[in-house]
Every structure is written in C-alpha cells, then in structure tokens.
Amino acid sequence: MKLLTVEQKHIHYLKRSAISKWALVDSQPHHHKLFMDHKYDIIIDHHPITEPVKAVFLDIREDYGANASIMNEYLKAAKIKPSPKLATALFYGIKTDTDNFVRASILHDMSAFKQLYQFISMRMLKKIESSEMTRGMLPKYRQAMERLIFIRDIAFVHMARVEIPLENILDDPDDESGLETLVKTILKGVK
Ligand SMILES: [Mn+2]
C-alpha cells in the first residue's frame, strides 16, 4: 500500500453522509460485521456465495482465483490502459490470491496475468515482494510463534501492541488456510 501510494481509510473514519455510492470489492456483506449495515451500489467478488447478496450492480464470479483478474476485465472492456502502478497492483494481487498459481480456478487469472505483464513496473514489483519481511520484524514473528495457542483447530496469538501491519502477517485474513499462509509467510521471509 505504501509503495503503491494507495490512500486508504478505516471504515470507522469515513463520513457516511459524504459518500454517495458504496462499493464492496473482494468480499461480501456477511463476511464482516462492519460490512453488514450498508446498502451497496456495487459488489464485485470472487468468493463463493453462501448467503444471498444484494446490490444494484452485482458481479460475483466464483470461477476466478483472484478478484484482480475480474477488475482487469473491466479495464479491458472500457479500453483503459492501466498505469504501471495499477497494473503492478493487479498483477501482485493475482500472484498472491492464486498463491502463485497453485490454487484452483486459475484459467481467467492466467490470461489477466499475461495481459497485465506488459504494463507492470518490474522494479516496483520486486520492491513490493521483498518488502514483505524485514529483519526487524523477525523478533515479533518469533514472539508470535511462542505465543501461539490452539483452541480446537483455531490458532490464536495474542500480541498486545504490534507495529507491524496485520496484513503483513496474514495475507488474506478470511482465507481458510490462514495458518498455512502465516507459516508460509514466515518461511518466505526467513529463507
Ligand atoms: Mn480475493
């Protein structure tokens, strides 16, 4: 987010009255309690539909491994050439969401990946990929592993105050293989 200079605000700090259209991307209202009490104008997602979803414009494609692949098709249909930043962000989104193409339903993702490749900034991509873990973060990870407890098959870690953004620890918090992602992220950083 920092490298791509994407400005983001927590939903708590949004002035609701100043927003005329609500869009939800890569998720569905019942996925999080903060998402539930809105009427959405747009919902674009690729997660399986497990509960009825309503929006003025609804586009849920379960056969896409990455939401970024769907977004790429919108750009293509509108004949918009993505900027290097946008292309790199979508490209990285496809890489991580398909776990470098080892997850199911990747056909559409491969074609989006191929199309975006010509527009990306390799320098920026390399920077993003190597920024996932820094030396300074390792002690926190060690602490996390030491504090890890299991309650049935759910892993819990209480970290008190942490300065590392949570998305650095868990790529996709609603991912069922969250623990696997966590361990993999650590191994990736340590190698
Ligand atoms: Mn996704």
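Read-outs throughout are calculated quantities, based only on the coordinates presented, and are distinct from any laboratory measurement. On a predicted model such as this, the values are computed, not experimentally measured, just so you know. Glycine gets a Cβ as well: all are built from the backbone with ideal geometry, and neighbour counts include every protein chain shown.
Worth pointing out:
- Alpha-carbon Rg with Dmax, taken over region 11-128, Å: 15.4, 43
- Cross-link table 54/76; 2/126; 9/114, entries beyond 24 Å C-alpha to C-alpha: 54/76; 9/114
- Entry for region 88-133 at q = 0.16, 0.24, 0.30 Å⁻¹: log10 I(q)/I(0) = -0.42, -0.85, -1.12, Debye formula applied to identical alpha-carbon scatterers, no solvent contribution.
- Region 43-75 and region 107-150 have their alpha-carbon centroids 23 Å apart.
- Distance (nanometres) between label positions extended 7 Å along Cα→Cβ at residue 107 and residue 155: 3.4
- Of the trypsin sites (Lys or Arg not before Pro) in region 1-110, those whose Cβ has at most 12 other Cβ within 10 Å and which sit in DSSP loop: 2, 9, 15, 21, 39, 54, 79
- A crude spin-label estimate for the pair residue 121 and residue 7, with each label 7 Å from Cα along the Cβ direction, gives 1.8 nm.
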